[in-house]
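The values are calculated or read from the model by the stated rules, or taken from the named source; none is laboratory data. All values derive from a computational prediction rather than experimental measurement. All Cβ positions, even for glycine, are placed from backbone atoms using ideal geometry, and neighbour counts span all protein chains on display.
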Amino acid sequence: MLSVIMMILSMGTPGLSTTSSFNVMQYGAVGDGKTNDSPAFLKAWKDVCQTSKSEISSLIIPAKTFLLRPVIFKGPCKSKYIYIQLSGKLVAPKTKEEYKGSQINTWLGFSYVNGLVITGRGRGTIDAQGSIWWDNPCLGNAPSGVKCRPPTGLTLYRCNKFKVIGITEVNPARSHITLTSCKSGIITNLRLIAPGTSPNTDGIDISGSTNIQVHDSYIATGDDCIAISAGSSIINITGITCGPGHGISIGSLGTRGEIDNVEDVHVENCTLTETLTGVRIKTWQGGVGYARRIWFENIRLVRANNPIIIDQFYCPNRVDCLNKTEAVRVSDVTYRGIVGTSLTETAINLSCDQNVGCYNIVLDRVYIQSAIPGTKNTLAFCHNAHGTASHTKPSVKCLLK
Ligand SMILES: *[C@@H]1O[C@H](CO)[C@@H](O)[C@H](O)[C@H]1NC(C)=O
Ligand SMILES: *[C@@H]1O[C@H](CO)[C@@H](O)[C@H](O)[C@H]1NC(C)=O
Ligand SMILES: *[C@@H]1O[C@H](CO)[C@@H](O)[C@H](O)[C@H]1NC(C)=O
Ligand SMILES: *[C@@H]1O[C@H](CO)[C@@H](O)[C@H](O)[C@H]1NC(C)=O
């Protein structure tokens, strides 16, 4: 217990909380970028998580480079708030060997930690060294036909009331940040960066989560900047600069006939530059459930491909893409104040299922020009989409009542 380095007790000010701090250096971390510091971090974590002396318990990571093998920081913890203060850099192993024998879903994970605050103060960096996985996503020699999933960079699993603030993450093997089954969280001032060609490096994946705000962040990556999928509701996204990347997506939903629901999503004040799609809702044939009450407002497009798209025939690998009788229901989707340029002629593509259709699709003040000089106007395409359009260019005459 003497390894408790600083015990800062706020004196005499009622309402001010107490903090216990635990510095990884006091637990044997080396910080030379070569030594595996995971055991030291886990030892420190044990004290951070188990102390019940104060309202806030902090893990201090100083301005050095720490090599970490895959590691999960598990809760529940005893303090009301758990602060991870990252001033330095966390780097992942350079070889797949170093992932063997560990939880492979993620490189860094937090599970069942409530009141988690991860702060980088604009300096903290996470370098996931993912390029070793991009060409071959398997850990070893997988039998042919097996689809391997490399680890995500940072995963929060069942963490309630969290904040992630002011960190930079580069080059994850798969998604940069994954939220699974979390409630009430804020993600802000992040920089998430991977090459536009890196596979599956989503910026932020949100699933099974509710009441999540993501704002004021820069995301440049090889897949969706933000993907909101099954079981998510009350999600607000604002002030995101995205590109390269695949844009901001709801889905994909209804994979392999699953029942997937997403509702109450606001995407506002975002800029998408040279993305593969802009604002997208993607669902598989044969799925069940709904995507409803979704707002895309004040979105700026700079040379985006497929700026507005609802795709109820999503099937990226083009195998077994047969039409089914069921589809995830898409309704109450508003596109308001979407302005900018498109690299594809079809700027608006609302492709809805033959039987299920999409309902109450509202387009208002949508002005999308061609990004290619000298080309004719952009076009809108609909298939079985119901709704209204006002003040749009291209004009959208294909919506059904
Ligand atoms: C989410 O956005 C909506 C619409 O702008 C707003 O009414 C709501 O208060 C926001 N929720 C949070 C938690 O920020
Ligand atoms: C979006 O930007 C407008 C104009 O700058 C601002 O009034 C509004 O509050 C912003 N919305 C959000 C949710 O930040
Ligand atoms: C619209 O999207 C659907 C589904 O991805 C695609 O099959 C179709 O070719 C697109 N239509 C146009 C005109 O781009
Ligand atoms: C599925 O339905 C769409 C819309 O009716 C049609 O364009 C497409 O060709 C169909 N695909 C298959 C594989 O039947």
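Here are some notes:
- Of the candidates 321, 315, the single residue that is more than 16 Å from ligand 2 (Cβ to nearest atom), modelled with pLDDT under 95 and under 25 Å from the mean Cα position of the chain (by Cα) is 315.
- Residues in the stretch 67-93 that are touching a helix residue (DSSP H, G or I) at 6+ places or on another chain (Cβ under 7 Å) and within 17 Å of residue 172 (Cα to Cα): 5 in all.
- Test for residue 282: is it closer than 19 Å to residue 226 by Cα and more than 16 Å from ligand 2 (Cβ to nearest atom): yes
- Check on residue 281, buried (at least 19 other Cβ atoms within 10 Å of the Cβ) and more than 16 Å from ligand 3 (Cβ to nearest atom): no
- Checking each residue in the stretch 308-340 for being over 21 Å from residue 263 (Cα atoms) and buried (at least 18 other Cβ atoms within 10 Å of the Cβ) picks out only 340.
- Test: residue in the stretch 253-276 that is touching a helix residue (DSSP H, G or I) at 6+ places or on another chain (Cβ under 9 Å), buried (at least 24 other Cβ atoms within 10 Å of the Cβ) and farther than 19 Å from residue 365 by Cβ: no
- Identity of the residue in the stretch 208-225, within 15 Å of ligand 2 (Cβ to nearest atom) and hydrophobic (A, V, I, L, M, F, W, C), that ends up surrounded by the fewest Cβ atoms within 10 Å (Cβ to Cβ): 212
- Residue among 315, 398, 358, 382 that alone is within 16 Å of ligand 4 (Cβ to nearest atom) and under 24 Å from residue 200 (Cα atoms): 315
- Selection status of residue 62, in the same structural domain as residue 126 (by the TED database) and over 15 Å from residue 127 (Cβ atoms): yes
- Odd one out for residue 66 among (1) surrounded by fewer than 21 Cβ atoms within 10 Å (Cβ to Cβ); (2) touching an Asp or Glu at 6+ places or on another chain (Cβ under 6 Å): (1)
- No other residue among 256, 280 is within 15 Å of the chain's Cα centre (by Cα), touching a residue at least 24 places away in the same chain (Cβ under 8 Å), away from ligand 1 (no atom under 15 Å from the Cβ) and closer than 24 Å to residue 354 by Cα apart from 280.
- For the stretch 363-383, the set of residues classified as buried (at least 16 other Cβ atoms within 10 Å of the Cβ) and either under 14 Å from residue 332 (Cβ atoms) or polar (S, T, N, Q) (or both) consists of 363, 369, 370, 378, listed by residue number.
- Here residue 365 does not fit the description of being among the basic types (Lys, Arg), within 21 Å of residue 276 (Cα to Cα) and in the same structural domain as residue 300 (by the TED database).
- Taking the stretch 216-283 and the strands (runs of 3 or more DSSP E) fully enclosed by it, the elements with 3 or more residues that are at pLDDT 95 or above and hydrophobic (A, V, I, L, M, F, W, C) are at 226-229, 232-242, 248-253, 259-273.
- All positions within the stretch 298-337 that are within 16 Å of ligand 1 (Cβ to nearest atom) and among the hydrophobic types (A, V, I, L, M, F, W, C): 299, 333
- Tally, over the stretch 52-63, of residues that are surrounded by 20 or more Cβ atoms within 10 Å (Cβ to Cβ) and either in a helix (DSSP H, G or I) or of a type in the set (S, T, N, Q) (or both): 3
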